[in-house]
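Asks: The following block contains the structure, expressed as structure tokens.
The values are calculated or read from the model by the stated rules, or taken from the named source; none is laboratory data. Nothing here was measured: the structure is a model prediction, and the numbers come from that model. Cβ placement follows ideal geometry from the backbone for every residue including glycine, while neighbour counts extend to all protein chains displayed.
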């Protein structure tokens, strides 16, 4: 079942995120929970999940960003695409990305962007098959921490 996250999905999402760049589950502090609650209350911040057998097995984030250019159409940004290793190659991440695209279309976004840190050709081909291209723009990252 594909849907957007609810506050009850916190533990399942944190378990899945452990597989995203080998992230440890962070210490659950007041600051951390304030961030979680801020995300939940932000109408432009969407955490999309796929749940199977009561377990969150795939997810991505889609953020809608208001914009003053391009006829004041917003744009969307996709990040944190992850599928549990035991559930990969079943089209689940594609379903998450398609859901994000529908959100962007429903919000009248003029573009949908995605960055990946992967250099694996199979991952890059996956994103191209999902409709993204690596030719139109050049991404630059400045790490701040």
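Asks: Would you tally the residues in region 85-106 being touching a residue at least 60 places away in the same chain (Cβ under 8 Å) and over 14 Å from the mean Cα position of the chain (by Cα)? Write out each step before concluding.
Replies: Step one: list which residues in region 85-106 are touching a residue at least 60 places away in the same chain (Cβ under 8 Å), which gives 85, 95-96, 99.
Going one step further and asking which of them are over 14 Å from the mean Cα position of the chain (by Cα), we end up with 85.
The number of residues fulfilling the criteria is 1.
Asks: Regarding residue 99, is this residue within 27 Å of residue 56 (Cα to Cα) and assigned to a loop (DSSP other than H, G, I, E, B)?
Replies: Here the answer is no, as residue 99 does not meet what is asked.
Asks: Out of all the residues in region 45-93, which are within 18 Å of residue 125 (Cβ to Cβ) and surrounded by fewer than 17 Cβ atoms within 10 Å (Cβ to Cβ)?
Replies: Selection gives 88, 89, 90, 91.
Asks: Going by what's in this entry, would residue 116 be described as closer than 15 Å to residue 80 by Cβ and in contact with a helix residue (DSSP H, G or I) (Cβ under 7 Å, 6 or more places away or on another chain)?
Replies: The answer is yes for residue 116.
Asks: Further question: Which of the numbered conditions does residue 122 fail, given that it passes all the others? Conditions: (1) at pLDDT below 95; (2) touching a helix residue (DSSP H, G or I) at 6+ places or on another chain (Cβ under 6 Å).
Replies: If we test residue 122 against (1) at pLDDT below 95; (2) touching a helix residue (DSSP H, G or I) at 6+ places or on another chain (Cβ under 6 Å), just (2) comes out false.
Asks: Would a scan of region 96-112 turn up a residue that is loosely packed, with under 12 Cβ neighbours inside 10 Å and more than 20 Å from residue 3 (Cβ to Cβ)?
Replies: Within region 96-112, one or more residues are loosely packed, with under 12 Cβ neighbours inside 10 Å and more than 20 Å from residue 3 (Cβ to Cβ).
Asks: Related question: Just to check your reading of the model, which residue among 35, 47, 82 is under 13 Å from the mean Cα position of the chain (by Cα), closer than 16 Å to residue 7 by Cβ and at pLDDT 95 or above?
Replies: Details: 35 fails: under 13 Å from the mean Cα position of the chain (by Cα); 82 fails: closer than 16 Å to residue 7 by Cβ.
Testing whether each residue is under 13 Å from the mean Cα position of the chain (by Cα), closer than 16 Å to residue 7 by Cβ and at pLDDT 95 or above leaves just 47.
Asks: Output the residues belonging to region 116-127 that are part of a helix (DSSP H, G or I) and exposed (fewer than 12 other Cβ atoms within 10 Å of the Cβ).
Replies: Within region 116-127, 121, 122, 125 qualify.
Asks: Cβ-Cβ below 7 Å, separation at least six or inter-chain, first residue in region 49-77 and in a helix (DSSP H, G or I), second surrounded by fewer than 17 Cβ atoms within 10 Å (Cβ to Cβ): which pairs?
Replies: The qualifying pairs are 70/110.
Asks: In this structure, does residue 125 turn out to be over 13 Å from the mean Cα position of the chain (by Cα) and without any contact (Cβ under 8 Å) to a residue 60 or more places away in the chain? Step through it out loud before you land on a result.
Replies: Working: over 13 Å from the mean Cα position of the chain (by Cα): yes; without any contact (Cβ under 8 Å) to a residue 60 or more places away in the chain: yes.
The answer is yes for residue 125.
Asks: Taking into account only those residues within region 9-37 that are touching a strand residue (DSSP E or B) at 6+ places or on another chain (Cβ under 8 Å) and in a helix (DSSP H, G or I), which is surrounded by the most Cβ atoms within 10 Å (Cβ to Cβ)?
Replies: Residues of region 9-37 that are touching a strand residue (DSSP E or B) at 6+ places or on another chain (Cβ under 8 Å), as a first pass: 9, 12-13, 15-17, 19-20.
Subsequent filtering for residues that are in a helix (DSSP H, G or I) retains 9, 12-13, 15-17.
On the way: 9: 18, 12: 17, 13: 16, 15: 13, 16: 23, 17: 17.
Only one residue fits best here, namely 16.
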